[in-house]
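**Q** For reference, the structure I am asking about is given below.
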Amino acid sequence: MSTAPAGRRLRRAGAPWLLLAPALIVLTVLLLFPLLRVLNLSLQDYELKNLIRGESNYVGLDNYVHVLSDPFLWTTVLPNTVGFAIVCVVLTMVVGTAVAVFLNALSPLWRGVCTTAIMVAWAVPALTGTYVFVWLFDPLNGLVASALGSAGVLEPGSFNWFTSRLAFYAIATINVVYHGFPFVAVTVLAGLMTVPRELYEAAEMDGAGPWRRFVSVTVPALRPIFAVCIILSTIWDFKVFTQIYLMPGGDGANRSVMNLGVWSYTESFSQGEYGMGSTIAVLLTLVLLLISVVYIRFLLKEDEL
C-alpha cells in the first residue's frame, strides 16, 4: 500500500528534473565543458606546438603566479577593466534613470514612441555601434574632428583620439553607455509605473520638492530594481570585449588600453600562449562569478523583493 504513494512522490520529484534535462544537457555541452577545458589549459604551458602535436605540458599554478606577479596586470589591465566598468555602470544608471523619469512624465502615446526610439539603440549590434563611434571620432575625417575644425577648436588630423588611453576609454564609455542605458531606462520605467501616486502627492503636501520626492519616495521604492540593474550592468561592463577590440589600437597594438578580455584573447590567439590566455580568462571568470554570487544572494532575499 505504501509503495504506490512512494512511487508517486518519486515521479513528482523527478518530473521537474526531466523537464529541465534538455536545457541542462545543452548548458553542459556549451558552457560547462568549455569552462573545464579552459581551466585545464590554464594549468599547462600550452602553445601552438602543443596544439598541433596534441601534447600536454602541465605546470600547475605557474601561470597564475606569472600573471598575478606581472606588473602589467596591476598597473594597466586591472585599472582599465575595473575603472572602465565602474564609470560605465555609474553613467549607465544615471542616464537610464533620468530617461526613465522623463518617460514616466510623458503621455502614454509619446511614452510608447520614445521608448521604441531608445530601444533601437539597444537593438543595434555592438559591432555595428562600435564602427559608428570609430567613424565619428576618426582623427581626420570624423564628424567630431570636422565639427571641432569648423569651430576653430582643433585642426582635423592634429590629434588621434585612439592613441590616448584616457580619450580611448572616454569613447568606449560613450559607446557602452549608449548601448546600455535603454535596458536600465525601460526596467526603471516599469518600476516607476508601479509606485502609487498617493506617495508623491503626500510628499508634495509635506513641502518636498522634485529632488526630495525622488530621494525619499522613488529610490526606496525602486531599490531592488536599482540593485539588479547595477549588478547586471557590472557583469556586462566587466567583460566588455567587442567595444574595445574593434577600436583602433584596441586589438593589442596599443597595450596601454588593454583590459582583461582583450589581454586574454591576444595572449591566446595573437601570441599563441593558450595556457596563459586561459589563465587570464579564468581570473576574469572568477571575478564575474563573485559578482554573480552577490546577484543571486540578492535575489534570494525575498523580504527585500
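**Q** Let me check I have the definition right: for segment 175-249, take the eigenvalues of the Cα gyration tensor, multiply each by 5, take square roots. What are those semi-axes in whole Å, largest first?
**A** Largest first, segment 175-249 gives 35, 12, 10 Å.
**Q** So what is the accessible area of segment 145-229 per residue, in Å², with the probe set to 1.4 Å?
**A** Solvent-accessible surface per residue comes out at 54 Å².
**Q** Please label the shape of segment 66-124 as rounded, prolate or oblate, based on the square roots a ≥ b ≥ c of the eigenvalues of the alpha-carbon gyration tensor (a/c under 1.5 means rounded; beyond that, a/b larger than b/c means prolate, else oblate).
**A** Working: a/c = 7.69, a/b = 3.37, b/c = 2.28.
Prolate.
**Q** Follow-up. Could you pull the Rg and Dmax for segment 67-165, using just the Cα atoms, both in Å?
**A** 18.8, 57
**Q** Evaluate 2.2 N^0.38 Å with N set to the residue count of segment 1-149, then give the Cα radius of gyration divided by it.
**A** Ratio of Cα Rg to 2.2 N^0.38 Å: 1.80.
**Q** I've got another one for you. At 1.4 Å probe size, with the rest of the protein present, what percent of the exposed accessible area of the chain is carbon and sulfur atoms?
**A** That fraction is 70 percent.
**Q** Between Gln44 and residues 5 or more places away or on another chain, which pairs have amide H atoms under 5 Å apart, with H built 1.01 Å from N, and which residues are they?
**A** The answer is Val59.
**Q** Would you list the membrane-span-like helices of the chain, meaning whole DSSP H runs whose alpha-carbon atoms span at least 27 Å along their axis and whose mean Kyte-Doolittle value is at least -1.0? List each step's numbers first, then the result.
**A** Numbers: long enough: 3-27 (35 Å, 0.68); 78-104 (38 Å, 1.98); 165-192 (38 Å, 1.47); 274-299 (36 Å, 2.02).
TM-like helix candidates: 3-27, 78-104, 165-192, 274-299.
**Q** Could you grab the relative contact order for the chain? Cα pairs under 8 Å, six or more apart, rounded to a whole percent.
**A** Dividing the mean separation by the residue count of the chain yields 27 percent.
**Q** When all C-alpha to C-alpha distances in the chain are sorted into bins of 20 Å, what percent of pairs does each bin hold, rounded to whole numbers?
**A** Once binned at 20 Å, the Cα pair distances of the chain give 24, 47, 25, 3, 0.
**Q** Let me ask you something else. Work out the charge dipole of the chain with +1 on the Cβ of Lys and Arg and -1 on the Cβ of Asp and Glu about the Cα centre, then indicate which of Val293, Phe162, Phe102 is farthest towards its positive end.
**A** Farthest towards the positive end: Val293.
**Q** For a quick protection proxy, order the peptides 243-254, 20-31 by their average other-Cβ count within 10 Å, most packed first. Before the final figure, lay out each step's value.
**A** Details: 243-254: 18.9, 20-31: 10.3.
So the peptides 243-254, 20-31, ranked by packing, come out 243-254, 20-31.
**Q** Quick one: go through segment 216-238 and flag any residue whose amide nitrogen is under 19 Å from the point 7 Å out along the Cα-to-Cβ line of Asn104.
**A** 216-231
The values are calculated or read from the model by the stated rules, or taken from the named source; none is laboratory data. Remember, it's a predicted structure, so these values are computed and weren't measured experimentally. Because the Cβ atoms are built from the backbone with ideal geometry, glycine has one as well, and the counts that use them run over all protein chains shown. Surface accessibility is based on the protein's heavy atoms, side chains included, excluding ligands, DNA and RNA. Shrake-Rupley method; radii C 1.70, N 1.55, O 1.52, S 1.80 Å.
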